[in-house]
Amino acid sequence: LGTAVSQSSGVFTFPQTGIWKADCQWTWTENGVLSYGISELRATVDNGSNWNASAKAYTDITNAGVQQYTTGSFSTLLDVTNTTNVKVKMTLYASHACEYVGNTDNDVTCIIFTRLGDT
């Protein structure tokens, strides 16, 4: 309901102030190497001059030699006090070369934002 969170070059901007819940999920695949992956939701309160981890989660692939998929997820609350300066982005890191899975038809790697109420 209402105006959606917008995205430009991976940076999400909120349409109004308030307490927002971010449900983050990512899926990745690796072939042949034991790997771990980290996902962070990074937030700025100064329009991108400084970014800090708001939430973080780890996943791993433990069966070497076989292509595997793994999915990680986390949720966090964000206090958006200013729609110009408060923004978020999801960053993904892996210990080895991997492929993050995305699809425009379903929520494989995604962030779902829900406004919970006023700040």
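Being on the phi > 0 side of the Ramachandran plot and either touching a residue at least 60 places away in the same chain (Cβ under 8 Å) or not aromatic (Phe, Trp, Tyr) (or both) is true for just one of Asn47, Asn85. Which residue is that?
Step by step, each of Asn47, Asn85 is checked, and only Asn47 is on the phi > 0 side of the Ramachandran plot and either touching a residue at least 60 places away in the same chain (Cβ under 8 Å) or not aromatic (Phe, Trp, Tyr) (or both).
Provide a single number: the residues in the range 89-101 that are at pLDDT 85 or above and open to solvent by 50 Å² or more (accessible area, probe 1.4 Å).
Within the range 89-101, residues that are at pLDDT 85 or above and open to solvent by 50 Å² or more (accessible area, probe 1.4 Å) number 2.
Before we move on, is Thr71 closer than 20 Å to Thr13 by Cβ and touching a residue at least 12 places away in the same chain (Cβ under 8 Å)?
no
Considering only the range 3-33, state which residues are within 20 Å of Phe113 (Cα to Cα), outside any loop (DSSP other than H, G, I, E, B) and open to solvent by 30 Å² or more (accessible area, probe 1.4 Å).
Ser6, Gln7, Ser8, Val11, Phe12, Thr13, Ile19, Lys21, Asp23, Gln25
Name the pairs whose Cβ atoms lie under 6 Å apart, with the first residue in the range 3-20 and over 14 Å from Val86 (Cβ atoms), the second of a type outside the set (Phe, Trp, Tyr) and at pLDDT 95 or above, and 6 or more positions between them or separate chains?
So the pair list comes out as Thr3/Pro15; Gly10/Lys89.
Residues of the range 98-119 being part of a loop (DSSP other than H, G, I, E, B) and in contact (Cβ under 8 Å) with a residue 60 or more places away in the chain, which ones?
If the condition is that a residue be part of a loop (DSSP other than H, G, I, E, B) and in contact (Cβ under 8 Å) with a residue 60 or more places away in the chain, then Cys98, Asp107, Val108, Thr109, Asp118, Thr119 are the ones that fit.
Can you give me the number of residues within the range 34-49 that are over 18 Å from the mean Cα position of the chain (by Cα) and either part of a strand (DSSP E or B) or hydrophobic (A, V, I, L, M, F, W, C) (or both)?
Final tally of qualifying residues: 2.
Within the range 63-88, track down each residue that is touching a strand residue (DSSP E or B) at 6+ places or on another chain (Cβ under 8 Å) and either open to solvent by 60 Å² or more (accessible area, probe 1.4 Å) or in a loop (DSSP other than H, G, I, E, B) (or both).
Val66, Gln67, Tyr69, Thr71, Ser73, Ser75, Leu77, Asp79, Thr83, Asn85, Val86
Got a number for residues in the range 34-65 being of a type in the set (Lys, Arg) and either under 14 Å from His96 (Cβ atoms) or out of contact with any Asp or Glu (no Cβ under 7 Å at 6 or more places or on another chain) (or both)?
1
Going by what's in this entry, would Tyr58 be described as within 12 Å of Gln25 (Cβ to Cβ), open to solvent by 50 Å² or more (accessible area, probe 1.4 Å) and out of contact with any helix residue (DSSP H, G or I) (no Cβ under 7 Å at 6 or more places or on another chain)?
Answer is no for this residue.
The values are calculated or read from the model by the stated rules, or taken from the named source; none is laboratory data. Computed from a predicted structure; not experimentally measured. Heads up, the Cβs are rebuilt from the backbone with ideal geometry, glycines too, and the neighbour counts pull from every protein chain shown. To get the accessible areas, we keep the full protein, side chains included, count just its heavy atoms, and leave off ligands, DNA and RNA. Shrake-Rupley method; radii C 1.70, N 1.55, O 1.52, S 1.80 Å.
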